[in-house]
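Note sheet for the following structure.
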Amino acid sequence: MEGRAMETAMETMSRTAVPEQERQPDRITRFETDDPDRANQYLVETLDHDLTVDRLSAGTLAHQRASGGRFTIDDLRLPLDLAYSAEATGPVFVDLHAGRAERTLGTEFDRIAPGDVLVHSRPGERFATRAWLAELRSVTFEAELLGEVASGRPRFTGYRPLTEVGARRWRRTVEFLVDDVLGTGAETLVLANAARLLAATALATFPSTAVLEPTGTDRHDAYPPTLRRAIAYIEENAGTDISLADVAVASRVTVRAVQLAFRRHLDTTPLAYLRRIRLEHAHRELVNASPGADTVTAVAARWGFFNAGRFTGYYRSAFGVLPSHTLNS
């Protein structure tokens, strides 16, 4: 997962902010209160869980929510002891910064200490949580995203990261999405890439049923007709939010077979090919754009390229000139 899915998911994203005049509306909301009654009411309304506040300490309840449409990242500072339960609609991940917490999921019981990051709950499962003066980051995303970055319907089989390196990578990815994607605004295709990056990172970090290597059937299906169907679908839908899973369905094979077909016959990946097609569309827009009415950054963002510097590198490699030269010529 870290090799293919992570690499391809990262292709159009990096740490560069969009200029102020071109930003989309901020997708981050914040709430703070020192009032115990307001804090209790806010938690009940916002968490929408069976929530009981046992003790409220002196301090400020603080909540920041960063929403990417198909995923949500919550930062909470809780000057209280609380208990709540719920049924998760998507996978939920918790990174505890301070305080302590406990989680019960089926027959599984975990004590969570500062520095721990874990799969807190899985889709469709009821969980119960207690937290004492906790500061934490919670991440959730649509369960369908897992099937868009890996074949079948992967599910998590364990709760702790496979390695400490993986846990650090997870934290860096989530921080990047909050600060450099949602915190600055992003176009639709960028948000789609961000959601799949999150799912791919989760599968690379935590134990799951995801099958990463092609099977014998996948190798048999990675033949030229599969590649032709995949290319046709990508070229017809490059301007929309499409995933590897969409390409696989259109090609009538698995995700792994599509990946193998591109690697075997074109020595590239499906998403690298999609990037190339989107570069061609961006090139045509720049050729036809008016310098005073459009910018390189805006055109790049419309085609899913969040980082202007990386877009420039891809563009120069593909067309031999800077995108600004095309726009102004």
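Structure above, values below:
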{"read-out": "Taking the C-alpha atoms of the chain, convex hull volume expressed per residue in Å³", "value": "135 Å³"}
{"read-out": "Distance (nanometres) between label positions extended 7 Å along Cα→Cβ at Tyr223 and Phe109", "value": "5.7 nm"}
{"read-out": "The chain: calculated mean residue ellipticity at 222 nm from DSSP helix runs of at least 4, using -39500 (n - 2.57)", "value": "-12500 deg cm²/dmol"}
{"read-out": "Ellipsoid equivalent to the range 238-329 - semi-axes via the Cα gyration tensor, in Å", "value": "29, 14, 9"}
{"read-out": "Shape parameters for the range 48-135, alpha-carbon atoms, Rg then Dmax in Å", "value": "12.8, 36"}
{"read-out": "C-alpha long axis of helix 224-237 to longest principal axis of the chain, angle in °", "value": "70 degrees"}
{"read-out": "Column: log10 I(q)/I(0), Debye, Cα scatterers of the range 188-272, q = 0.13, 0.16, 0.17, 0.25 Å⁻¹", "value": "-0.43, -0.65, -0.73, -1.26"}
{"read-out": "C-alpha center-to-center spacing [the range 150-227, the range 262-308] in angstrom", "value": "22 Å"}
{"read-out": "At R0 = 22 Å, FRET efficiency that the Cβ-Cβ distance of Ala232 and Arg153 yields, to 0.05", "value": "0.25"}
{"read-out": "Cα-based helix-to-principal-axis angle, 188-205 vs the chain, degrees rounded to 10", "value": "60 degrees"}
{"read-out": "Convex hull of Cα atoms in the range 131-194, direction-averaged projection (nm²)", "value": "6.2 nm²"}
{"read-out": "Calculated from backbone phi, Karplus (6.51, -1.76, 1.60) coupling profile of the range 263-271 in Hz, x at Gly/Pro", "value": "5, 6, 9, 10, 6, 8, 10, x, 6"}
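Coordinate-derived values only; no laboratory data. None of these values were measured; they are calculated from a predicted model. FYI the Cβ positions are ideal-geometry reconstructions off the backbone, even for glycines, and counts take in every protein chain you see.
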